[in-house]
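Report on the following structure.
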Amino acid sequence: MKQQNFFQNIDLIKSKESDPQIVDLFNLSEIKDILDFYEKLPLATFNEKQKIKKKHWILGINKKIDNFIISKVNSVLEDWKVDNMYSNDDAFGIFHESFNPIKLHVDTGKDKNKIIYKQILIPLTETGDTILFEPRWYGPSSSFTIQKDELQNNNGYNLRTSDHIGDLDFDKTFYQKYLNHEDYNNLKGLKVKKIYKWQLGEALIFDRTFIHCASDLKKPKIGLTIFFYRDSN
Ligand SMILES: [Fe+2]
């Protein structure tokens, strides 16, 4: 594991880290309101190869639902600021609709001066798993791969790197059960911190320094992820 020293305020980032947390945050009619809002938003990206659609929660389109989601975040997090990494609009997180499982990556951003904080994943479908790994990653936003052709592809927001690779072999039983879409050797050195099975109404709050991916479940999934940072205090 390399790339451990990208951030200027690494001690502040580490001081706010915690174990991942599952909270009950919504009732089913609130989930439906979020999905209705999602349907009306403009498409931001559609990646045909990965079969993933993305939309930004653009603020100002529906002030009532904006205030609703902000109050929900206030109920579970303190001193947060939204880290809008992917949109030129004023956006409050990103909706991702996928059929193929999302592969191993981290959402640490690319601003070394930021005090990155938590991200909240809100499942909007009943099917899906999110798997978090240790050790944590203190480099920039990355997609992790050991494939040479992928490592040479520098399009896209994320860095492509194999610097996450460590010494210990990954748990084979877990691999066979959940992670067949990944190359086994791409997990070398990682350990599972948590497998989160999506439940409507819940949210998963986790530090942005956790490497994560989806399980190999090939079913349509919709989720909303909001990324946070802190002011320097
Ligand atoms: Fe992610």
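Would segment 216-233 turn up any residue that is within 12 Å of the ligand (Cβ to nearest atom), under 18 Å from Met85 (Cα atoms), open to solvent by less than 60 Å² (accessible area, probe 1.4 Å) and in contact with a helix residue (DSSP H, G or I) (Cβ under 9 Å, 6 or more places away or on another chain)?
Of segment 216-233, the ones within 12 Å of the ligand (Cβ to nearest atom) are 223-227.
Then keep just the ones that are under 18 Å from Met85 (Cα atoms); that gives 223-227.
Still in the list and also open to solvent by less than 60 Å² (accessible area, probe 1.4 Å): 223-227.
Of the ones still in play, those that are also in contact with a helix residue (DSSP H, G or I) (Cβ under 9 Å, 6 or more places away or on another chain) are 224, 226.
Scanning segment 216-233 turns up at least one residue that is within 12 Å of the ligand (Cβ to nearest atom), under 18 Å from Met85 (Cα atoms), open to solvent by less than 60 Å² (accessible area, probe 1.4 Å) and in contact with a helix residue (DSSP H, G or I) (Cβ under 9 Å, 6 or more places away or on another chain).
Per-residue answers, yes or no, for (1) on the phi > 0 side of the Ramachandran plot; (2) open to solvent by 60 Å² or more (accessible area, probe 1.4 Å); (3) hydrophobic (A, V, I, L, M, F, W, C); (4) under 14 Å from the mean Cα position of the chain (by Cα):
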residue	(1), (2), (3), (4)
Asn74	no, yes, no, no
His96	no, no, no, yes
Val106	no, no, yes, yes
Lys118	no, no, no, yes
Glu126	no, yes, no, no
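Could you say which residue among Asp36, Asp11 is outside any strand (DSSP E or B), out of contact with any Ser or Thr (no Cβ under 8 Å at 6 or more places or on another chain), among the acidic types (Asp, Glu) and open to solvent by 90 Å² or more (accessible area, probe 1.4 Å)? Write out each step before concluding.
Working: Asp36 fails: open to solvent by 90 Å² or more (accessible area, probe 1.4 Å).
Only one candidate qualifies: Asp11.
For Gly128, state whether it is within 16 Å of the ligand (Cβ to nearest atom), over 22 Å from Leu217 (Cβ atoms), touching a residue at least 40 places away in the same chain (Cβ under 8 Å) and not aliphatic (A, V, I, L, M).
Numbers: within 16 Å of the ligand (Cβ to nearest atom): yes; over 22 Å from Leu217 (Cβ atoms): no; touching a residue at least 40 places away in the same chain (Cβ under 8 Å): yes; not aliphatic (A, V, I, L, M): yes.
It is false that Gly128 is within 16 Å of the ligand (Cβ to nearest atom), over 22 Å from Leu217 (Cβ atoms), touching a residue at least 40 places away in the same chain (Cβ under 8 Å) and not aliphatic (A, V, I, L, M).
So how many residues does segment 128-159 have that are more than 13 Å from the chain's Cα centre (by Cα), outside any loop (DSSP other than H, G, I, E, B) and either on the phi > 0 side of the Ramachandran plot or buried (at least 21 other Cβ atoms within 10 Å of the Cβ) (or both)?
Within segment 128-159, residues that are more than 13 Å from the chain's Cα centre (by Cα), outside any loop (DSSP other than H, G, I, E, B) and either on the phi > 0 side of the Ramachandran plot or buried (at least 21 other Cβ atoms within 10 Å of the Cβ) (or both) number 1.
The values are calculated or read from the model by the stated rules, or taken from the named source; none is laboratory data. These figures come from a predicted structure and were not determined experimentally. Quick reminder, even Gly has a Cβ in these numbers, built from the backbone with ideal geometry, and neighbours come from all protein chains shown. Remember, those area values only see protein heavy atoms, side chains included, never the ligands or the DNA or RNA. Shrake-Rupley method; radii C 1.70, N 1.55, O 1.52, S 1.80 Å.
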